[in-house]
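Since the structure comes first, as structure tokens, the remarks are kept for the end.
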Amino acid sequence: MVKGVGIGLRHQHLQQVLNEKPNIDWLEVHSENFFYDNLASYQLEQIADDYPLSLHGVGLSLGSDDKLNQQHLQNLKNAVDRFQPDLVSDHLSWSSIDGNYLHDLLPLPYTQATLNHFADKVKATQDFLGRQILIENPSSYLQFKVSNIPEWEFFARLPGLCGCGLLLDVNNIYVSCINHHYQASDYLAVIDKEDVGEIHLAGHTEKHLPQGRILIDDHSKKVSDEVWDLYQITLKKMGNKPTLIEWDSDIPDLSVLLDEAQKARAELDA
């Protein structure tokens, strides 16, 4: 069972993890990278003998007006059956229109109609998979004028509508709070700790443009001091939750990820 601290496992580290069996509680992979029968999937099958797994998806496009992609759902179900993960998750976002996929997790307008639509898509996904999934809060750089529900309320209401769990990304909360000038305390205040199944931590990049400062959630650095501080606050409210260190670009040596995981473990232990 997933508990304690995990790291995001990327292809660069598959063989090293197999060979060295590092001291880490669990591992998370991007679901779509293991849909097919190849060397990476064979390696992950062996790794699954030693570590609990989480499958974290980026391709369900649950917020899109498109119908659910049945082939994608079947591929995901096949991966779930093959690797037997403890957790399965995707994002509060959309990424496809008329069957064309964009290489990004795009923000939604936060309205009651969108909330009902998104919850229906999550429920259909869970019915197909025969299990609960977690939904992750987004990082974003723009907002829709038509939105009339705060993002944190929209996110917090999902479990009651469709029975999903929540994946609380602390870095995403920090990034969006800075970009949109709202308070992390408001975000955390409405989240029911019983709905939270996992926490993510990651690094971000700060850019200074003529229009002002913006944070980019690029998962290319160590977790910032500000996000560590927000993680401490989050744990005080949510309790001990499985925590993942994400790193998706400029991927460093495995030892760097393990060091970050040790920091998170120290916070959990405290």
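Hey, what's the range 41-85 come to in accessible area per residue, 1.4 Å probe, Å²?
About 43 Å² of surface per residue is accessible.
So what is the relative contact order of the chain, in percent, for Cα pairs below 8 Å that sit 6 or more residues apart?
RCO, the chain: 17 percent.
In Å, what Kirkwood hydrodynamic radius results for the chain from the alpha-carbon pair distances?
18.9 Å is the Kirkwood radius here.
For the peptides 257-266, 65-74, what is the packing order when you average, over each peptide's residues, the other Cβ atoms within 10 Å and list the highest mean first?
Descending packing order for the listed peptides: 257-266, 65-74.
So, with a 1.4 angstrom probe, what is the percent of accessible area on the range 35-149 that is carbon and sulfur?
51
Decide, for the range 59-214, between rounded, prolate and oblate: order the square roots of the alpha carbon gyration tensor eigenvalues as a ≥ b ≥ c, take rounded if a/c falls under 1.5, and otherwise choose prolate if a/b is larger than b/c, else oblate.
Taking the square roots of the gyration eigenvalues as a ≥ b ≥ c, the range 59-214 is prolate.
Could you size up the charge dipole of the range 110-246 around its Cα centre, putting +1 on the beta carbon of Lys and Arg and -1 on that of Asp and Glu, and report it in debye to the nearest 20?
80
Classify the range 177-270 from the C-alpha gyration tensor, please: rounded if a/c falls under 1.5, else prolate or oblate depending on whether a/b exceeds b/c.
oblate
Once you order the gyration tensor axes a ≥ b ≥ c over the Cα atoms, which shape class does the range 142-214 get: rounded for a/c under 1.5, otherwise prolate or oblate by comparing a/b with b/c?
Oblate is the answer for the range 142-214, as a/c is 1.5 or above yet b/c matches or exceeds a/b.
The range 106-208: which trypsin sites (Lys or Arg not before Pro) are DSSP loop and have at most 13 other beta-carbon atoms within 10 angstrom?
Here the trypsin sites (Lys or Arg not before Pro) that fit, given the DSSP loop and packing criteria, are Arg131, Lys145.
Out of all Cα-Cα pairs in the range 1-95, roughly what percent, to the nearest whole number, are more than 16 Å apart?
Cα-Cα pairs in the range 1-95 separated by more than 16 Å: 54 percent.
Packing-wise, with mean Cβ within 10 Å as the measure, how do 109-119, 53-63 rank, highest first?
Ranking, from highest mean packing down: 53-63, 109-119.
Report the relative contact order of the range 63-143, percent, no decimals, based on alpha-carbon pairs under 8 angstrom and at least 6 residues apart.
40
Specify which residue in the list Ile149, Pro159, His56 is farthest towards the positive end of the charge dipole of the chain, using unit charges on the beta carbon of Lys, Arg (+1) and Asp, Glu (-1), about the Cα centre.
Ile149
The values are calculated or read from the model by the stated rules, or taken from the named source; none is laboratory data. The model shown is predicted, which means the values in this text are computed figures rather than measured ones. Reconstructed Cβ throughout: ideal geometry from the backbone, glycine too, with neighbour counts over all protein chains shown. These area figures cover heavy atoms from the full protein model, side chains too; ligands, DNA and RNA do not enter into them. Shrake-Rupley method; radii C 1.70, N 1.55, O 1.52, S 1.80 Å.
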